[in-house]
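> This structure is in structure tokens; I'll ask about it shortly.
The values are calculated or read from the model by the stated rules, or taken from the named source; none is laboratory data. The shown structure was predicted, so the numbers you read here are calculated from the model rather than taken from an experiment. Cβ: placed from backbone, ideal geometry, glycine included. Neighbour counts: every protein chain shown.
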Amino acid sequence: MAPDAHERAFGTGTISLLRADITTLDVDAIVNAANSSLAGGGGVDGAVHRAGGAQIMRELRERYDGCPTGSAVITGAGSMSARHVIHAVGPRWRDGRHGERDLLRSAYRTAFAIAAEHGLTTVAAPSISTGIYGFPITHAAPIAVDEARTALVAPATSLRAITFALFSSGDLAVFSEALSSL
Ligand code: AR6
């Protein structure tokens, strides 16, 4: 395994790392870093609703009454290239002693489980919680890639490709290190 790899195979699938705006990716589903009221916001969430259009918020309001931290819900993707958006709610970082790691793990796990339940093959995810929610990315990246691997090696899963769309070269380097260390 070369250091700083950007792609690694697990089971019948692959984890890839990409520096990209997640809203531009042509995948079955993109994961959104949402909040528990599913009310929209800044960061990825703002970008997803801007790029996808008002249909996404309409569908969220019709189908869901919020979403607990550590869980996720699915909608269509409006006018984006992706087919679905999986809105995952990561924790706000406090001091690391309030279950933040387990909640982040659960947010990724639920998001990938929803993708598999829908028979999806390709999913892109951002680095949940490491922006506005302040989760240190050095703690978050190993959890993210570990959950992606778990999803890809699950028996009979439809998932074949999980791409992490990172916004900066620094974030990409941290995920790359975590992927190499898996
Ligand atoms: N594509 C990929 N990554 C992005 C994009 C994008 N278009 N935009 C930002 N990032 P954040 P959180 C990166 O703040 O920490 C919202 O208000 C960003 O640089 O989007 O989970 C919600 O409504 C960072 O690395 O999500 C919630 O209230 C990462 O995505 C709250 O923020 C996540 O940052 C959620 O905060």
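> Given the structure, is Ser71 more than 12 Å from the ligand (Cβ to nearest atom), in contact (Cβ under 8 Å) with a residue 24 or more places away in the chain and under 13 Å from the mean Cα position of the chain (by Cα)? Write out each step before concluding.
Working: more than 12 Å from the ligand (Cβ to nearest atom): yes; in contact (Cβ under 8 Å) with a residue 24 or more places away in the chain: yes; under 13 Å from the mean Cα position of the chain (by Cα): yes.
Judged against the criteria, Ser71 is a match.
> Among the residues of segment 107-128, count how many are under 21 Å from Ser181 (Cα atoms) and within 14 Å of the ligand (Cβ to nearest atom).
Matching residues across segment 107-128 total 6.
> Quick check, is Ile143 touching a Leu at 6+ places or on another chain (Cβ under 6 Å) and at pLDDT 95 or above?
Numbers: touching a Leu at 6+ places or on another chain (Cβ under 6 Å): yes; at pLDDT 95 or above: yes.
Judged against the criteria, Ile143 is a match.
> For segment 162-182, give me the residue count where each residue is surrounded by fewer than 17 Cβ atoms within 10 Å (Cβ to Cβ) and more than 11 Å from the ligand (Cβ to nearest atom).
Within segment 162-182, the first condition is being surrounded by fewer than 17 Cβ atoms within 10 Å (Cβ to Cβ), and the residues that meet it are 168-170, 173, 177, 180-182.
Narrowing further to those that are more than 11 Å from the ligand (Cβ to nearest atom): 169, 173, 177, 180-182.
The total comes to 6.
> What about Ala141, is it buried (at least 19 other Cβ atoms within 10 Å of the Cβ), within 11 Å of the ligand (Cβ to nearest atom) and free of Cβ contacts under 8 Å to residues at least 40 places away in the same chain?
For Ala141, the condition - buried (at least 19 other Cβ atoms within 10 Å of the Cβ), within 11 Å of the ligand (Cβ to nearest atom) and free of Cβ contacts under 8 Å to residues at least 40 places away in the same chain - is met.
> Within segment 59-106, track down each residue that is among the hydroxyl-bearing types (Ser, Thr, Tyr), over 20 Å from Leu120 (Cα atoms) and surrounded by fewer than 19 Cβ atoms within 10 Å (Cβ to Cβ).
The one that is among the hydroxyl-bearing types (Ser, Thr, Tyr), over 20 Å from Leu120 (Cα atoms) and surrounded by fewer than 19 Cβ atoms within 10 Å (Cβ to Cβ): Tyr64.
> Can you confirm whether Arg92 is among the charged types (D, E, K, R), within 14 Å of the ligand (Cβ to nearest atom) and not in a helix (DSSP H, G or I)?
Judged against the criteria, Arg92 is a match.
> From the list Gly53, Gly41, Gly66, exactly one residue is more than 20 Å from Ala115 (Cα to Cα), touching a residue at least 24 places away in the same chain (Cβ under 8 Å) and more than 17 Å from the chain's Cα centre (by Cα). Which is it?
That would be Gly53, the only listed residue that is more than 20 Å from Ala115 (Cα to Cα), touching a residue at least 24 places away in the same chain (Cβ under 8 Å) and more than 17 Å from the chain's Cα centre (by Cα).
Quick grid of which residues meet (1) closer than 18 Å to Ala33 by Cβ; (2) in contact (Cβ under 8 Å) with a residue 40 or more places away in the chain; (3) of a type in the set (Ser, Thr, Tyr); (4) outside any helix (DSSP H, G or I):
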{"position": "Arg97", "(1), (2), (3), (4)": "no, no, no, yes"}
{"position": "Arg105", "(1), (2), (3), (4)": "yes, yes, no, no"}
{"position": "Tyr108", "(1), (2), (3), (4)": "yes, yes, yes, no"}
{"position": "Phe112", "(1), (2), (3), (4)": "yes, yes, no, no"}
{"position": "Ser129", "(1), (2), (3), (4)": "yes, yes, yes, yes"}
{"position": "Gly134", "(1), (2), (3), (4)": "yes, yes, no, yes"}
{"position": "Ala151", "(1), (2), (3), (4)": "yes, yes, no, no"}
{"position": "Asp171", "(1), (2), (3), (4)": "yes, yes, no, no"}
{"position": "Val174", "(1), (2), (3), (4)": "yes, no, no, no"}
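> For segment 7-53, which fully contained strands (runs of 3 or more DSSP E) count at least 1 residues that are within 7 Å of the ligand (Cβ to nearest atom)?
Passing ranges, in order: 29-34.
> Right, here's the next one. It is to be established whether one or more residues within segment 94-111 are modelled with pLDDT of 95 or more, in contact with a Ser or Thr (Cβ under 6 Å, 6 or more places away or on another chain) and not polar (S, T, N, Q). Please lay out each step first, then the result.
Start the filter on segment 94-111 by keeping residues that are modelled with pLDDT of 95 or more, which leaves 94-111.
Within this subset, residues satisfying the condition of being in contact with a Ser or Thr (Cβ under 6 Å, 6 or more places away or on another chain) are 103-104, 110.
Within this subset, residues satisfying the condition of being not polar (S, T, N, Q) are 103-104.
Taking every residue of segment 94-111 in turn, at least one turns out to be modelled with pLDDT of 95 or more, in contact with a Ser or Thr (Cβ under 6 Å, 6 or more places away or on another chain) and not polar (S, T, N, Q).
> Next question. Restricting to segment 114-127, and then to whatever is out of contact with any Asp or Glu (no Cβ under 8 Å at 6 or more places or on another chain) and assigned to a helix (DSSP H, G or I), can you tell me which residue is surrounded by the fewest Cβ atoms within 10 Å (Cβ to Cβ)?
Filtering first and then ranking leaves Glu117.
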